[in-house]
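The values are calculated or read from the model by the stated rules, or taken from the named source; none is laboratory data. Every value quoted in this text rests on a predicted model; they were computed, and no experiment measured them. Cβ coordinates were reconstructed from backbone atoms using ideal geometry, including for glycine residues, and neighbour counts include every protein chain displayed. Just so you know, the surface numbers come from the protein's heavy atoms only, side chains and all, with ligands and any DNA or RNA stripped out. Shrake-Rupley method; radii C 1.70, N 1.55, O 1.52, S 1.80 Å.
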Amino acid sequence: MPNYTILLTKKAQKQLDKLSDNIAQPIIEAISNLEIEPRPNGFIKLKGRESYRIRVGNYRIIYEIIDEELIIDVIALGHRKNIYK
């Protein structure tokens, strides 16, 4: 199975840069794991759009999967209380 390419939007990159290292490290690991398995155990399809989310503690990663081009586009990430607003 070929690996996917991970792309972060500018918004997602800014959100990641704002996090402290001890919070950002597990999130970076989860994002890099998406290269191998874009639909990991516990992923959820979001209603109303073609996006998915995975949980990393109290944080959420929202992303789109473009299977034809083998791309994972990370749209946003953040704390669970703020991410869906």
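Potential lengthening of the chain between E68 and K81 amounts to 1.4 nm, from the contour at 0.36 nm per residue minus the alpha-carbon distance. Applying 1/(1 + (r/R0)^6) with r as the Cβ-Cβ distance of K14 and I36 and R0 = 35 angstrom yields a FRET efficiency of 0.85. In a fully extended conformation the segment linking I28 and L46 would gain 4.4 nm over its present Cα-Cα distance, using 0.36 nm per residue. Within the accessible area of the chain, the carbon and sulfur atoms contribute 50%, probe 1.4 Å, all protein chains present. Packing around the peptides 50-59, 19-28, taken as the average count of other Cβ atoms within 10 Å per residue, puts them in this order, highest first: 50-59, 19-28. Summarising the label geometry, the points placed 7 Å from Cα in the beta-carbon direction at L7 and R55 lie 3.0 nm from one another.
Got the relative contact order for the chain handy, in percent, Cα pairs under 8 Å and 6 or more residues apart? Value for the chain: 35 percent. At a probe radius of 1.4 angstrom, the accessible area of the chain per residue rounds to 67 square angstrom.
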